[in-house]
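Student: Here it is, the structure, as structure tokens.
The values are calculated or read from the model by the stated rules, or taken from the named source; none is laboratory data. Just so you know, these numbers come straight off a predicted model, no measurement behind them. All Cβ positions, glycine included, derive from the backbone under ideal geometry; neighbour counts span all protein chains shown.
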Amino acid sequence: MKVITIQISVPDGVEVRVNGGGQAAAGPQRPFVAQPDPAYPGGVCPEHGEEWNLVPAGLSKTKVNQDGSPKRYNAFWTCPSYGCSQKPPKPGVVEDVTGFSEADGMPF
Ligand SMILES: [Zn+2]
């Protein structure tokens, strides 16, 4: 394997762009794939004890695609408390098939 050392000196206030600057630094964007609404994941926010709230699929108000159109997102569950970043565990990890309620205590 060849090793190439590149030295770049950047003066203050200069933005560095690689590959012509056409691509954002974040790299290639994955194409949006629409998913059906996820099932209720069960449980509550570990921070607030609130049941998860389903945010319906829609268009982002803050993020845009490279062509300037708003980014789409799929429905997801989140804590209803404003500003809370807690998210339920991924579906499939926690699965309530017994109808067991957490309020009754752990079954084991
Ligand atoms: Zn929360």
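Student: Anything in segment 52-75 that is over 18 Å from Arg30 (Cα atoms) and not in a loop (DSSP other than H, G, I, E, B)? List them, or say none.
Tutor: Those that are over 18 Å from Arg30 (Cα atoms) and not in a loop (DSSP other than H, G, I, E, B): Asn53, Leu54, Val55, Lys61.
Student: Moving to a separate point now. Return the total of residues in segment 35-79 being within 11 Å of the ligand (Cβ to nearest atom) and either within 16 Å of the chain's Cα centre (by Cα) or surrounded by 13 or more Cβ atoms within 10 Å (Cβ to Cβ) (or both).
Tutor: 8
Student: Ala103: modelled with pLDDT under 80 and either in a loop (DSSP other than H, G, I, E, B) or surrounded by 10 or more Cβ atoms within 10 Å (Cβ to Cβ) (or both), yes or no?
Tutor: So Ala103 fails the test.
Student: Which of the residues spanning segment 81-92 are assigned to a loop (DSSP other than H, G, I, E, B) and either in contact with a Cys (Cβ under 7 Å, 6 or more places away or on another chain) or surrounded by 13 or more Cβ atoms within 10 Å (Cβ to Cβ) (or both)?
Tutor: Within segment 81-92, Ser81, Cys84, Gln86, Lys87, Pro88 meet the criteria.
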